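Engineer: Starting off with a structure, shown below.
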Amino acid sequence: MEGIVAVTYRCNARCYMCNTWQHPSPKTEEVTPAEVAKIPSGLKFCNITGGEPFLREDLGEIVDVVKSKADRVVISTNGYFTDRVVALARKHCDIGIRVSLEGLPAANDELRGIPDGFDHGLRTIIELKHMGLKDIGFGITVSDRNAKDLLELYKLALSMDLEFATAVTHNAYYFHKFDNEFKDPDMIAKEFLKLVQELFRTRKPKSWFRAYFNYYLVNKVYGGKRPLSCECGTDLFVVDPFAKVKPCNALDVEMGDLRTQSFDEIWNSDRAREIRAQVATCDRQCWMIGSAAPAMKKALWTPVQWILKNRRSFLNASEGELFELSAEFRPRGETLGDNAGE
């Protein structure tokens, strides 16, 4: 099982695709380290996120707790507070850090609403790299505005030997955003397909699985169904800043409250079973790494078969032929509606 712990809804960014910063969680009401300690042990992975996690003055205490619960811990950050990130990494040199950058400097600073945000993020990455942290990388949420920067940001990550995480804009309660849409899905698809080709050009099987994930982000852009069933609330849980346990960050339903219940009481409750039934019939078709990664691990043969079938086609394709490799996703004679970004 994997977990996501959102430690705050406070954020210093003003992102175009996310309005969480307009709905900050009061500091006095945010989940405490003692409440986080109620999550189960033996997790394969746990992501600490926000808002901006490094606004929490007690983030180090939370990391202490989560590290005792999970084999691997990664913190998602905009990287603005370089000194805080580096200080925490010095103490916890075995954690992962993902710095969200929405493209090259102009696009990033416009879309994240932070002056010199790219400079701060890159400086953080450079400092972490210099001190020898192993699990570090960039993350980008792709939209019409920054899709053209996707490949360049990947190449920057590759040249620095960094991990590279991708997503597309989503609409959900978590982001307080419901009007994200893709105005030029064909253009976005072409950029993702170039990335898929580059990922296949590496000799790392891990990158080939990322090619599978990114290929189906093209499907998401076109409003298609996710290729693997979602089992949020079974393989994944989310703890929000108010200590509520939820199945994911798309369905706004609560399985229970860590302030008044143990995790086992929540996880094995009738309410949890009801929510799992809701997940089984959910039509949101999310394809975010938090829910996609455990699904890919569980149904490993499905991405393996896709890789074996498609790798050579991508490697040999010209730029024009690449687009045809996504023909199965594209609507025929249809226009994308207002929910295209969901």
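Engineer: Do you know which of the residues in region 23-55 that are closer than 17 Å to Val74 by Cα, assigned to a helix (DSSP H, G or I) and out of contact with any strand residue (DSSP E or B) (no Cβ under 8 Å at 6 or more places or on another chain) is least open to solvent (accessible area, probe 1.4 Å)?
Structural biologist: Pro33
Engineer: Okay, moving on. Between residues in region 150-164 that are within 20 Å of Leu111 (Cα to Cα) and open to solvent by 40 Å² or more (accessible area, probe 1.4 Å) and residues that are assigned to a helix (DSSP H, G or I) and modelled with pLDDT of 95 or more, which pairs lie under 9 Å by C-beta distance while being six or more apart or on different chains?
Structural biologist: Leu156/Leu122
Engineer: Out of (1) under 30 Å from Pro247 (Cα atoms); (2) surrounded by fewer than 20 Cβ atoms within 10 Å (Cβ to Cβ), the odd one out for His170 is which?
Structural biologist: So the condition that His170 fails would be (2).
Engineer: Is it true that Thr141 is of a type outside the set (Asp, Glu), surrounded by 23 or more Cβ atoms within 10 Å (Cβ to Cβ), touching a helix residue (DSSP H, G or I) at 6+ places or on another chain (Cβ under 8 Å) and touching a residue at least 12 places away in the same chain (Cβ under 8 Å)? Can you show your working first?
Structural biologist: On the way: of a type outside the set (Asp, Glu): yes; surrounded by 23 or more Cβ atoms within 10 Å (Cβ to Cβ): yes; touching a helix residue (DSSP H, G or I) at 6+ places or on another chain (Cβ under 8 Å): no; touching a residue at least 12 places away in the same chain (Cβ under 8 Å): yes.
Taking the combined requirement at face value, the residue does not satisfy it.
Engineer: Related question: Read through the list (1) touching a helix residue (DSSP H, G or I) at 6+ places or on another chain (Cβ under 9 Å); (2) open to solvent by 10 Å² or more (accessible area, probe 1.4 Å), then give the number of the only condition that Asp179 fails.
Structural biologist: The failed condition is (1).
Engineer: Identify, from the list Cys230, Cys248, the residue that is farther than 25 Å from Phe329 by Cα, in contact with a Ser or Thr (Cβ under 7 Å, 6 or more places away or on another chain) and in contact (Cβ under 8 Å) with a residue 12 or more places away in the chain.
Structural biologist: Details: Cys230 fails: farther than 25 Å from Phe329 by Cα.
So the residue among Cys230, Cys248 that is farther than 25 Å from Phe329 by Cα, in contact with a Ser or Thr (Cβ under 7 Å, 6 or more places away or on another chain) and in contact (Cβ under 8 Å) with a residue 12 or more places away in the chain is Cys248.
Engineer: Another one. Filter region 252-266 down to residues that are without any contact (Cβ under 8 Å) to a residue 40 or more places away in the chain and either among the hydrophobic types (A, V, I, L, M, F, W, C) or closer than 23 Å to Gly139 by Cβ (or both) and give me whichever is surrounded by the fewest Cβ atoms within 10 Å (Cβ to Cβ).
Structural biologist: Val253
Engineer: Could you list, in sequence order, all residues of region 101-127 that are over 13 Å from Arg14 (Cβ atoms) and either touching a residue at least 60 places away in the same chain (Cβ under 8 Å) or basic (Lys, Arg) (or both)? Explain how you work it out, then say what you get.
Structural biologist: As a first pass, look at region 101-127 and keep what is over 13 Å from Arg14 (Cβ atoms): 101, 103-107, 116, 118-127.
Arg123, the sole residue that qualifies.
The rows are residues; the columns are (1) within 22 Å of Leu195 (Cα to Cα); (2) modelled with pLDDT of 95 or more.
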residue	(1), (2)
Leu122	yes, yes
Ile126	no, yes
Val142	yes, yes
Ala147	yes, yes
Thr169	yes, no
Tyr173	no, no
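Engineer: Something else: Every residue in region 164-211 that is part of a helix (DSSP H, G or I), farther than 19 Å from Ala317 by Cβ and hydroxyl-bearing (Ser, Thr, Tyr), please.
Structural biologist: Residues of region 164-211 part of a helix (DSSP H, G or I): 173-175, 185-201, 205-211.
Among the residues that remain, those that are also farther than 19 Å from Ala317 by Cβ are: 173-175, 185, 205-206, 209.
Correct list: Tyr173, Tyr174.
Engineer: Looking at region 288-334, which of its residues are among the hydroxyl-bearing types (Ser, Thr, Tyr) and either surrounded by 10 or more Cβ atoms within 10 Å (Cβ to Cβ) or in contact with a Lys or Arg (Cβ under 6 Å, 6 or more places away or on another chain) (or both)?
Structural biologist: Keep residues of region 288-334 that are among the hydroxyl-bearing types (Ser, Thr, Tyr), which gives 291, 302, 313, 318, 326.
Residues satisfying the conditions are Ser291, Thr302, Ser313, Ser326.
Engineer: In region 204-220, what residues are buried (at least 20 other Cβ atoms within 10 Å of the Cβ) and of a type outside the set (S, T, N, Q)?
Structural biologist: Trp208, Arg210, Ala211, Tyr212, Phe213, Tyr215, Tyr216, Leu217, Val218, Lys220
Engineer: From the list Val5, Val66, which one is assigned to a helix (DSSP H, G or I) and at pLDDT 95 or above?
Structural biologist: On the way: Val5 fails: assigned to a helix (DSSP H, G or I).
Answer to the check: Val66.
Engineer: Could you say whether any residue in region 90-110 is in contact with a Leu (Cβ under 7 Å, 6 or more places away or on another chain), acidic (Asp, Glu) and either more than 18 Å from Asn146 (Cβ to Cβ) or buried (at least 16 other Cβ atoms within 10 Å of the Cβ) (or both)?
Structural biologist: yes
The values are calculated or read from the model by the stated rules, or taken from the named source; none is laboratory data. Please read these numbers as outputs of a predicted model, since none were measured by experiment. Counting neighbours? That spans all protein chains shown, and the Cβs are built from the backbone with ideal geometry, glycine included. Accessible surface areas use protein heavy atoms only, side chains included; no ligands, DNA or RNA. Shrake-Rupley method; radii C 1.70, N 1.55, O 1.52, S 1.80 Å.
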